[in-house]
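The values are calculated or read from the model by the stated rules, or taken from the named source; none is laboratory data. For clarity, every value in this text was computed on a predicted model and none was experimentally measured. So basically every Cβ, Gly included, is an ideal-geometry build from the backbone, and we count neighbours across all protein chains shown. These area figures cover heavy atoms from the full protein model, side chains too; ligands, DNA and RNA do not enter into them. Shrake-Rupley method; radii C 1.70, N 1.55, O 1.52, S 1.80 Å.
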Amino acid sequence: MNTQIIKIDQQNIDKEAIKEASRWIQKKELVAFPTETVYGLGADGLDPEASAKIYAAKGRPSDNPLILHISDIEQLTPLVREIPNAAVKAMRAFWPGPMTMILNKSDIVPFETTGGLSTVAVRMPNHPIALALISESGCPIAAPSANASGRPSPTRAEHVYEDMNGKIPCILDGGMVGIGIESTIIDFSGDTPMILRPGFITKERLEEVIGEPVGIDPAVLNMKKMDGIAPKAPGMKYRHYAPKAKMILVSGREQSVISYINEKTEEAHRDHKKVGVIGTDETIPMYKADVVLSIGTSSSDRTIAHFLYDVLRTFDHEEVDMIYSQVFESGEHGFAIMNRLMKAAGYDRVEV
Ligand code: TXA
Ligand code: MG
């Protein structure tokens, strides 16, 4: 299959381009498109055959449900059984935006989209290209992140092309996304709202808006190799975000971390191995590895979230044998960033 890339300026959206992409959606085909978090791989979310194509293109296990993307709050009602008060408050505050709500699904949502679950994930993205595509297509668009299963999520159209070339007919290229990590997933189907995947919107902000305590799925808090706790979001149990090289996180006092990584680099060089390091604008001059990349500035966790997946993918191109990374726990997005980094490292972390 020939994969067409259509460049769109999000400040000045070409309506013809959106129409062309929406025709693929209407023909039950796949279109990758930018959202404010990461690129999504979209298809008609109410059509079982279209959803099946998403699983095939990503190589994604079929028990891992998809998020339905809508462009208007009105589109939510037919998809769900009820909308609890807390969910109404959250969507008024955070939509369009990086928040996904889990609610009990209605009969029109096929089990093929929800991985067999009786709940459905819904989100209204805050990106003009995504909103235009959904609205022109005339259906909710089911979209996981547009990476091949297990790979880092795509934050640029080039990343999508790497993973999806030849597998999908169309990529809408709207440039690099703004946020860089996926939406916060919050489950409103039980008694207490529960975060199933940390994201850009924090527990504290949710609690402020909802006015009641919000829980966190225990499997998400578990920062070790899965100790048999099954996460409620099926996708959280899979190896994810991983670069090709083995990755190890190193935490401790900054100076000790740098010395440790430099020692490990020397050891690796004796074995003729190529080493990559993830540091910050402030620390990268101090490393001796072959490929030293800055993930952003330590004074802004927003920059770190923004460049996280881009940096992981760059190491694949550089063909390093191993990657050492500092940890980035501080700031309001530290929790979400570490959730992704720990998975990328297969929970391999040393304290020095
Ligand atoms: O920011 C985002 O959310 C991006 C953009 C494209 O919108 N999408 C995204 O989708 O990250 P995906 O498929 O890569 O991750 C969706 C996660 C998976 O872990 C999946 O298991 C979980 O949401 N999920 C979806 N429906 C669910 C449900 N009904 N119950 C529990 N977890 C669900
Ligand atoms: Mg994903």
Candidates ARG340, ARG81, ARG151: whichever shows maximal mean-square fluctuation once the chain is modelled as a Gaussian network with Cα springs under 10 Å: ARG81
Give me the Debye-computed log₁₀ of I(q)/I(0) at q = 0.13, 0.18, 0.21 Å⁻¹ for the stretch 128-188, equal point scatterers on Cα only, no solvent, two decimals. -0.40, -0.77, -1.03
Can you flag which of LYS58/LYS232; LYS53/LYS273; LYS58/LYS246; LYS274/LYS343; LYS19/LYS232; LYS7/LYS105 are past 30 Å Cα-Cα? LYS53/LYS273; LYS19/LYS232; LYS7/LYS105
Hey, what's the per residue convex hull volume over the C-alpha atoms of the chain, in cubic angstrom? 133
Based solely on its DSSP helices, what 222 nm [θ] is calculated for the chain when runs of n ≥ 4 H residues each add -39,500 (n - 2.57) and the sum is averaged over all residues, nearest 500 deg cm²/dmol? -9500 deg cm²/dmol
Under a 1.4 angstrom probe, counting protein chains only, how are GLU208, GLU82 ranked by accessible area, largest first? GLU208, GLU82
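Once whole DSSP H runs in the chain are found, which of them have Cα atoms spread over 30 Å or more along the helix axis and a mean Kyte-Doolittle score of at least -0.5?
none
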Whole number please: convex hull volume per residue of the Cα set in the stretch 161-234, in Å³? 169
Selection from SER135, ILE73, ASN147 lying farthest towards where the dipole of the stretch 61-172 points positive, charges on Cβ: ILE73
Rg/Rg_globular for the stretch 1-98, with Rg_globular taken as 2.2 N^0.38 Å and Rg from C-alpha atoms: 1.22
Length gained, MET286-SER106, 0.36 nm per residue minus C-alpha separation, equals 59.2 nm
Does the stretch 112-265 classify as rounded, prolate or oblate by the C-alpha gyration tensor (a ≥ b ≥ c root eigenvalues; a/c under 1.5 gives rounded; else a/b over b/c gives prolate, otherwise oblate)? oblate
Among LEU30, VAL292, VAL257, whose Cα projects farthest towards the positive end of the dipole of the chain, with charges put on the beta-carbon of Lys, Arg (+1) and Asp, Glu (-1)? LEU30
For the chain, the dipole about the Cα centre with charges only on Cβ (Lys and Arg +1, Asp and Glu -1), to the nearest 20 debye, works out at 580
Candidate residues GLU136, GLU319, GLU158: accessible-area rank, largest first, probe 1.4 Å: GLU319, GLU158, GLU136
To the nearest 20 Debye, how big is the dipole of the stretch 32-132 about its Cα centre, given +1 on the beta carbon of each Lys and Arg and -1 on that of each Asp and Glu? 320
